[in-house]
Structure formats: structure tokens, C-alpha cells
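Here is the structure we will look at, set down as C-alpha cells.
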Amino acid sequence: MRLLWDELSRAVPMIVHGNPTLLSVIWFTIQVAVIATTSAAVIGLPIALAIGLGRFRGRRTLQILANASLGLPPVVAGFFLFLLFVPQGPLGALHLNITRSGVFVAQTVLARLLGAGRRQLSQLALREARIGVMAAMIAALGTSLSEVGAIVIVGGNVYGYDQTLASATLYEANAARYADAVAIAIVLIGLILLLMCGLGVLQHQGDGIRWRFRSAA
């Protein structure tokens, strides 16, 4: 218990006084989360709409694959992206390994906006789609904030360059710089709690919409 208290007493001033390295990691994490989630929305929502409302051969198979992707371990996705991006790989010419761009790509893949899914998009007439899609985007932002495996594999977790809050926590803990790790973890937990509060508000709004619809009916 004494160790935890000592590290907390050193970590909190780093947050309060705005440690430059910590601020840099926070800013890059926010960039990754926003860019990855936006990119996933642009790519994923039209696909989700087609799968949810379309009528074509192979639709059921695509639904199964989309649902299965939700359970795909991020480290596995990161490993396959690594194999694609290495110089000998099919996309090696893009030079994405150990770069910030590679981190953006990895997080876009992991955002998995297909999770917005069929139910919400098939109920556009009930005005519920926007609640479901926004909830899915918040969940994708949470994924981008908390994911570490794919970032470490694809981005290399290079200190001060392509670290996110989650990967920087791992880096500092492995280096036995526990106060730094605790400070980063506190900020990460704070951001995730903010997202969860936003998700709770959206769910409350969604319940209100359903209640008004039932009343009107």
C-alpha cells in the first residue's frame, strides 16, 4: 500500500503541472482516436447499411463475418497488419510499420464501426439510428483509447513518437517508471469515464425516444 501511495503522490503533480511528455501522449492519443473513429465511420457505416438493409447473395455470410470481427483479438489484427506492412509484405512499399500513419491505420481497422449494426440502421423511421450510431462511435473511441496490442506491434511503441496513453502505460511500467505509468493510467481512465458518461446520456435519450414512440402509438 505504501508503494501505491508513493507513486500516486508523484504521479498527480505530473498531471496537475502538465508534464510535456504526458501532454504529447495525450494529444497523439486524441488524434488517433478521432481520426480512426471518423475513418471507420466513413468506411463502416455504408457497409453496415448495405448488410443491414440490402438483399443480395452472400449477405448472411457478411453478417456472420461482421459479427465475428467484434471478437477478433486486437493483437491478432495488429500482427496481420504488421505482416502486410513489413518491407517484404504486400503493402511494404507504403512504409507504414513503426510510423504514426501505421498506428492510424491499425486503429481504424480496430474501431469496428460495423458494430453499429443492423438493428439501429433498420429502424431509421423510429429515429433510433442516430442514437445507435453515436453509441457505436463512442464505443469505437473507447477502443481507440484503450487498445495497446496492435499499436505496439505495428507502431513499435516508440517513446515520444507514436505512443498512445495505453501503450505508453505499458512502456513506462516495463521500464519500472511506475509514477509515470500511474499518471498516464489516471488520464486514460478519466477519458474513458468521460466517454462512458456520454454513452450513458445517449442511452437515456434512446430510452426517451422509445417511450415517446410508444406513447404516440
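Points to keep in mind about this one:
- Residue-level accessible surface for residue 110, protein heavy atoms, 1.4 Å, Å²: 10
- When every Cα-Cα distance of region 31-94 is counted in 10 angstrom steps from zero, the calculated P(r) takes the values 18, 33, 39, 11, 0 percent.
- Ordered from highest to lowest accessible area with the whole protein assembly present and a 1.4 Å probe, 82, 56, 104, 28 read as 56, 82, 104, 28.
- Largest-first ordering by accessible area, 1.4 Å probe, given options 2, 57, 10, 100: 57, 2, 10, 100
The values are calculated or read from the model by the stated rules, or taken from the named source; none is laboratory data. Remember, predicted model here, so these are calculated numbers, not experimental data. Keep in mind that these areas ignore ligands, DNA and RNA; they rest on the heavy atoms of the full protein, side chains included. Shrake-Rupley method; radii C 1.70, N 1.55, O 1.52, S 1.80 Å.
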